[in-house]
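Just so it is clear, none of the values below were taken in a lab; they were calculated from the coordinates. What you are looking at is a predicted structure, and each value in this text was computed from that prediction instead of being measured. Note that each Cβ is placed from the backbone with ideal geometry, even for glycine, and that neighbours are counted across all protein chains shown.
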There are 2 protein chains.
Amino acid sequence: MSHTRGSDARTLPMPDLQNSFPGPFATSPYANAIEEQTTHWLQTFPLTGSPGEAKALCNITAQGVARVLPTADQDSVFLCADLFLWLTAFDDTHGETEGSRDTTRLVRRISHCVHLLAGHDEPAADDDACVAALRELLHRFRERATPTQYLRLTAHLRDNLFGILWEAHHLDRLDQVTLSDYYAMRPHTVFVRTVMTSTEVGLGYELTDNQRASPAVRELEKAVADLAGWINDLASYAKETDRGGQTPLSLPTLLIRHHECNLEEAFHLASRMCEHQASTARLRITELTADSTNALANHARAMEAVAASYVWHIGHARYKH
Amino acid sequence: MSHTRGSDARTLPMPDLQNSFPGPFATSPYANAIEEQTTHWLQTFPLTGSPGEAKALCNITAQGVARVLPTADQDSVFLCADLFLWLTAFDDTHGETEGSRDTTRLVRRISHCVHLLAGHDEPAADDDACVAALRELLHRFRERATPTQYLRLTAHLRDNLFGILWEAHHLDRLDQVTLSDYYAMRPHTVFVRTVMTSTEVGLGYELTDNQRASPAVRELEKAVADLAGWINDLASYAKETDRGGQTPLSLPTLLIRHHECNLEEAFHLASRMCEHQASTARLRITELTADSTNALANHARAMEAVAASYVWHIGHARYKH
């Protein structure tokens, strides 16, 4: 797929989200405190490689979670930040290129996490920092979440780990990934439904099953989930292609193949797709917040903040040259 | 590991469970009806290879589920039987040897199942029988299960699929599997916790979270879960070693390596381990059924029937030469 080369990814078209998510976005007063807390947490559980990587990760996580939970209490933002940090560090360190080099080792690492997620949390002698950190996180979530929230959170975490595994198996087999497979898996690899659920825990509300199954909620969540993954793909494309020149497993790559177009056309198309999902999300948020006092309105505002955080974070230095 | 060869697996020591699970075990009056139903279901969803394989699978599933749910209504036993059939057929057809040949293809198959389990059940044009059957099963479970039961069931199903993937990655890398990893993963690959949860749905009771977290319930479930996997390993060892002579990923294999013993000694040790778990389960069942009217007693009797079914099924022709 050498036709993905040649264009300078830094000058490619990007989605215009000014109409649907104009910003500036509300930010938690604990943003700096989150950065300190996550830095401290990474000293207890050394999950990343270099101090430089840790610092950048704590910064983007703190700023991102401060936008996901602008009104939540300090314990909630700390908890969600540590969880997001754990997922990102796991993916960076054990997934992606490292995971694709030895998928069996990645499967084994994930098996230790699945054991915890399935409720078996006795410490083992050979626990590494990654397992110990997840055990601590799950303990904190069990203290705050309702039983149903906890079940939903641990289900999404399983899907995130499976998504990391799916990605590792396909990094050098892009031709085997269909667009519909990619659409299905991308929300798992960008962790967005886990963020949504940890937001519900942090804000202390819970939808009924009927509310959750309603077309308005499902469409809102799907739009935010797709938007999160796709704008991340566009923002990180330049960085991804810099990694040894391998074509990234990313929306533009798949659009190029599916539509037999060039990179600029793929970015143009992907940008329109992002704008469409952002606009769908905005319409549903407006609809659901019309009665501003019920759980549906809480949920719509929470999803708005999740979207805002992903929209904000694509401008962070993590995705720049 | 050529020292696992030589003994005739058919004459090796087996656990004596007469004291803890003496049998004969109560059996549903719908046993024959289940066999007819599963045969019909496999015509709608052709999940297995040959008609002979399908017939043997329907027979063992019907007889096994008839012992798991001796008192349940017909719809419940049909539903649990179809689910167990689906899991076994998925494992036989796409996991094991076939899965280990192309783990990436197995990951993709599982990704389609994970998509359904995560609640996205819109039919796709390229759905195969396996995905269509799972969609139908999940629809039937949603109709009968409480929201919490459904979340727990779909979490266990994810773990089963991950277990199949874990096994496929390790079939030719047995040296990378530790005993503690094996103990953790075996309940997932024998589907026993999914059977436990589908039993709760079928019998229409639900434990509170405190009941489920109690030491008595946890120890009972763990004992039954370990027993189910280990007796299956002992019963299927002869059949597994017949498959082209490859050393099976199985408890005896790992005990031989860990204790540097021979096959007969490993079977002897594994038999004692099975007897110990069976005895632990029996003690907890006696304790929990002392007050015979509450949900804990229902649960203990349900777990007793799950254990009975696994104890019964190791004598089935599926595991004979």
Under the 7 Å Cα-to-Cβ spin-label approximation, B:ASN19 and A:HIS276 lie apart by a distance in nanometres of 6.8 nm
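Summing +1 for each Lys or Arg and -1 for each Asp or Glu, what net charge is found among the other residues whose Cβ lies under 13 Å from the Cβ of B:GLU221?
Taking every Cβ under 13 Å from that of B:GLU221, the sum is +2.
When a/c reaches 1.5 or more, the comparison of a/b and b/c decides; with that in mind, is region B:63-153 rounded, prolate or oblate per its Cα gyration tensor?
Values: a/c = 2.33, a/b = 1.40, b/c = 1.66.
It is oblate, given that a/c is not under 1.5 and a/b is not larger than b/c.
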Rounded to a whole number, the mean other protein chain Cβ count within 10 angstrom for residues of B:102-114 is 5
Most exposed to least, judged by fewest other Cβ atoms within 10 Å, A:VAL192, A:VAL201 sort to A:VAL201, A:VAL192
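Run the dipole for the protein assembly as shown about the Cα centre, Lys and Arg Cβ at +1, Asp and Glu Cβ at -1, nothing else charged, and hand back the magnitude in debye, nearest 20. Could the numbers behind the result be given before it?
Numbers: 58 positive and 82 negative charges, 4 e Å.
Once rounded to the nearest 20, the dipole reads 20 debye.
Among B:ILE110, A:ILE60, which comes first, then next, by fewest other beta-carbon atoms within 10 Å?
Numbers: B:ILE110 25, A:ILE60 19.
Ordered from fewest to most neighbouring Cβ atoms within 10 Å, B:ILE110, A:ILE60 come out as A:ILE60, B:ILE110.
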Within the set B:ALA124, B:ALA26, B:ALA308, GNM on chain B using Cα springs under 10 Å gives the largest fluctuation to B:ALA124
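Between A:ASP121 and B:LEU179, take the C-beta separation as r, use R0 = 25 Å, and let me know the FRET efficiency to the nearest 0.05.
Working: r = 19 Å, r/R0 = 0.76.
Taking R0 as 25 Å, the efficiency between A:ASP121 and B:LEU179 is 0.85.
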Distances in nm between the label point of B:ARG144 (7 Å along Cα→Cβ) and its equivalents in the other copies, shortest first, are 3.8
In cubic angstrom per residue, the convex hull of region B:1-143 built on its Cα atoms measures 177 Å³
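Magnitude of the Cβ-charge dipole of region B:29-319, K/R +1 and D/E -1, about the Cα centre, nearest 20 debye?
On the way: 26 positive and 39 negative charges, 60 e Å.
Magnitude of the dipole: close to 280 debye.
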Dividing the alpha-carbon radius of gyration of region B:203-321 by 2.2 N^0.38 Å, where N counts its residues, gives 1.24
Ranked by GNM mean-square fluctuation in chain B (Cα springs under 10 Å), the top entry among B:PRO248, B:PRO29, B:PRO147 is B:PRO147
Here, A:THR27 and A:CYS261, labelled 7 Å along Cα→Cβ, have an inter-label distance in nm of 3.5 nm
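Taking only pairs that are 8 or more places apart or on different chains, how many Lys pairs in the protein assembly as shown have Cα atoms under 19 angstrom apart? Let's see the in-between values first.
On the way: A:LYS55/A:LYS239; A:LYS55/A:LYS320; A:LYS239/A:LYS320; B:LYS55/B:LYS239; B:LYS55/B:LYS320; B:LYS239/B:LYS320.
Number of lysine pairs found: 6.
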Inter-copy distances for B:THR104, nm, shortest first, label points 7 Å along Cα→Cβ, are 1.8
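Taking region B:221-321, which trypsin sites (Lys or Arg not before Pro) meet the DSSP loop condition and have no more than 15 other C-beta atoms within 10 Å?
Values: sites: B:LYS222, B:LYS239, B:ARG243, B:ARG257, B:ARG272, B:ARG282, B:ARG284, B:ARG301, B:ARG318, B:LYS320; in loops: B:ARG243, B:LYS320.
In loop regions of region B:221-321 (DSSP not H, G, I, E or B), the sparsely surrounded trypsin sites (Lys or Arg not before Pro) are B:ARG243, B:LYS320.
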With the convex hull built on the alpha-carbon atoms of region A:29-319, volume per residue in Å³ sits at 129 Å³
Measuring from its Cα centre, region B:28-119 shows a charge dipole (+1 at each Lys and Arg Cβ, -1 at each Asp and Glu Cβ) which, in debye to the nearest 20, is 260 debye
Largest fluctuation, A:SER180, A:SER292, A:SER271 only, Gaussian network model of chain A with Cα springs under 10 angstrom, belongs to A:SER180
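As a test of the definition: which semi-axes, in Å, follow for the protein assembly as shown when you take the square root of five times each eigenvalue of its alpha carbon gyration tensor? Largest first, please. Present the calculation step by step, with values, prior to reporting the outcome.
Details: eigenvalues 376, 147, 120 Å².
Largest first, the protein assembly as shown gives 43, 27, 24 Å.
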Taking the label point 7 Å from Cα along the Cα-Cβ vector, the copy-to-copy distances for B:GLY204, listed from shortest in nm with one decimal, are 3.8
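Which order do the peptides A:259-265, A:83-89 come out in when sorted by mean C-beta neighbours inside 10 angstrom, highest first? Could you put the intermediate results ahead of the total?
Numbers: A:259-265: 14.7, A:83-89: 23.9.
So the order, starting with the most tightly packed, is A:83-89, A:259-265.
Arranged from highest to lowest average of other beta-carbon atoms within 10 Å per residue, in what order do the peptides B:149-156, A:93-100 appear?
Taking the mean over residues of other Cβ atoms within 10 Å, the ranking is B:149-156, A:93-100.
Beyond 14 Å, what percent of the Cα pairs of region B:136-179 remain?
When every Cα pair of region B:136-179 is considered, 61 percent fall beyond 14 Å.
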Charge dipole of region A:29-319 built from unit charges on the beta carbon (Lys, Arg +1; Asp, Glu -1), centred at mean Cα; most positive-end Cα among A:GLY204, A:ALA300, A:PHE162 is A:ALA300
For region B:11-18, in residue order, the Karplus 3J(HN,Hα) values (coefficients 6.51, -1.76, 1.60; θ = phi - 60°; whole Hz; Gly and Pro = x) are 10, 6, x, 10, x, 9, 9, 4
